[in-house]
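Q: Pasting a structure here, questions to come.
The numbers here are math on the coordinates, done by the rules we state, and not lab data. Because the structure is a prediction, the values reported are computed rather than measured. Backbone-built Cβ (ideal geometry, glycine too); neighbour counts: all protein chains shown.
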Amino acid sequence: MEHAFALNSDAALDKAAIAEAFGKAASTYDAHAQFQRDVGHRLLGFLPEDLSGKTVLDVGCGTGYFSQQLRQRGAEVICFDLSEQMLAAAKTRCGEHNVTYQQGDAECLPFESDSVDFVFSSLALQWCEDLSVPLREMRRVVKPSGKICFSTLLDGSLCELKQAWLEIDGYQHVNDFIATNQVKVALAQSGCVNHRLDLPTITLWYESAFSLMKDLKGIGANHVSGRSQGLTSRKSLLQVEQSYQKFKNHQGLLPATYQVCLGVIHL
């Protein structure tokens, strides 16, 4: 395999834990993925409406929601995910017609160079330690004159939840995300020079902090790097709920703010 990237043991363990968290969420994901669908639809807008005769690699396909959308545009779709359970869910949704399935890591894509027309990857790359590595791999597998469309989360995402937890204990309960400048550095390091970035702020509104945390768990995004994975006490959850109330709007709803990067790379 070209360009294999070795993971140190800590990173390999982390990837296994991430895959396990998403695998456990395969059956609940779609019921909790409002935000993920919003971002993915925005990203889909950067691809042609007619993808007939084109091959699209969906990196981090999850339950196949966007793989199905891509196939409906006429594409031959490769569903690719770290989690075998997510791939199984995608297969149930998309079937076998014009779709293939491959389990693996975005940091080491098991595909030939210059073999796909487009890469689509929505809200998967934030789980990679170094963004330049999957970007380099995506650039490698896309044909000349092809396109990569990716979305990832930026620093400041879930700031309200992070702040609420900081008042409760000293542990990390919310993942850290990279700054816009680090995305630009990763693009430069991966040789992706012709690109555009859109940086929307998206706010979801919840009736309780607990319902936000339920959504995060429901999509499998409750793995936090560097945190003890022990159970969180009911008392702590009640304290977070109380702390979160200071963000309440005049309708009594609580915000969950996401800083999003939508990236389009032309080759």
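Q: Run the numbers for residue 237 and residue 16: contour at 0.36 nm per residue of separation, minus the present Cα-Cα distance, in nm. Intermediate results must be reported in sequence, preceding the final value.
A: Values: separation 221, 0.36 × 221 = 79.56 nm, distance 2.65 nm.
76.9 nm is the gain from fully extending residue 237 to residue 16.
Q: For the chain, would you read off the P(r) tail past 36 Å as a percentage of all alpha carbon pairs? Before the final figure, lay out each step's value.
A: Details: 4604 of 35511 pairs.
So the pairs more than 36 Å apart make up 13 percent of the total in the chain.
Q: By the scheme Lys and Arg +1, Asp and Glu -1, what is the net charge of all other residues having a beta-carbon under 11 Å from that of residue 246? Before the final figure, lay out the partial values.
A: Details: positive: 248; negative: 160, 167.
So the surrounding residues net to -1.
Q: Using helices alone, what [θ] at 222 nm do you get for the chain, with -39,500 (n - 2.57) per DSSP H run of 4 or more residues, divided over all residues and rounded to the nearest 500?
A: Values: 9 runs with 95 residues, N = 267.
Rounded to the nearest 500, the figure is -10500 deg cm²/dmol.
Q: Continuing with the same structure: Counting only C-alpha contacts under 8 Å and six or more residues apart, can you give the relative contact order of the range 113-267 as a whole percent? Let's see the in-between values first.
A: Working: 250 pairs, mean separation 57.0, N = 155.
Normalised by residue count, the contact order of the range 113-267 is 37 percent.
Q: With θ set to phi - 60°, apply the Karplus curve 6.51 cos²θ - 1.76 cosθ + 1.60 along the range 96-110 and write out the HN-Hα couplings as whole Hz, x wherever there is a Gly or Pro.
A: 9, 6, 6, 9, 10, 10, 8, 8, x, 10, 4, 7, 8, 6, x
Q: Rounded to a whole number of µm²/s, how large is the Stokes-Einstein D of the range 47-137 at 37 °C and 0.692 mPa s, given Rh as the Kirkwood radius over C-alpha pairs? Please list the in-between numbers first.
A: On the way: Rh = 13.0 Å.
Approximately 252 µm²/s, per Stokes-Einstein.
Q: Along the charge dipole of the chain, which of 46, 149, 100 sits closest to the positive end, that is, farthest toward it, with unit charges on the beta carbon of Lys, Arg, Asp and Glu (+1, +1, -1, -1)?
A: Towards the positive end, the residue furthest out is 46.
Q: Another question, if that's okay. Beta carbons within 10 angstrom, averaged per residue: use that to sort the peptides 243-254, 102-113, highest first. Spell out each step's value before the answer.
A: Working: 243-254: 13.4, 102-113: 17.8.
The peptides rank, most packed first, as 102-113, 243-254.
Q: Using only Cα atoms, figure out Rg for the range 17-82 and give it as a multiple of 2.2 N^0.38 Å. Intermediate results must be reported in sequence, preceding the final value.
A: Values: Rg = 12.6 Å, N = 66, 2.2 N^0.38 = 10.8 Å.
This ratio for the range 17-82 stands at 1.17.
Q: Counting only Cα atoms, I'd like the Rg/Rh figure for the range 116-229, Kirkwood definition for Rh.
A: 1.02
Q: Taking Cα pairs under 8 Å and at least six residues apart, what relative contact order does the chain come out at, in percent? Don't skip to the answer; put the middle values down first.
A: Values: 494 pairs, mean separation 58.8, N = 267.
Computed value for the chain: 22 percent relative contact order.
Q: Just want the answer: with Cβ charges of +1 for Lys and Arg and -1 for Asp and Glu, which residue in 32, 262, 77 is farthest toward the dipole's positive end in the chain?
A: 32
Q: Would you mind counting up the charge near residue 90? Only other residues with Cβ under 13 Å from its Cβ, with Lys and Arg at +1 and Asp and Glu at -1. Let's see the in-between values first.
A: On the way: positive: 71, 91, 93; negative: 30, 58, 81, 84, 96.
Around residue 90, the charge tally is -2.
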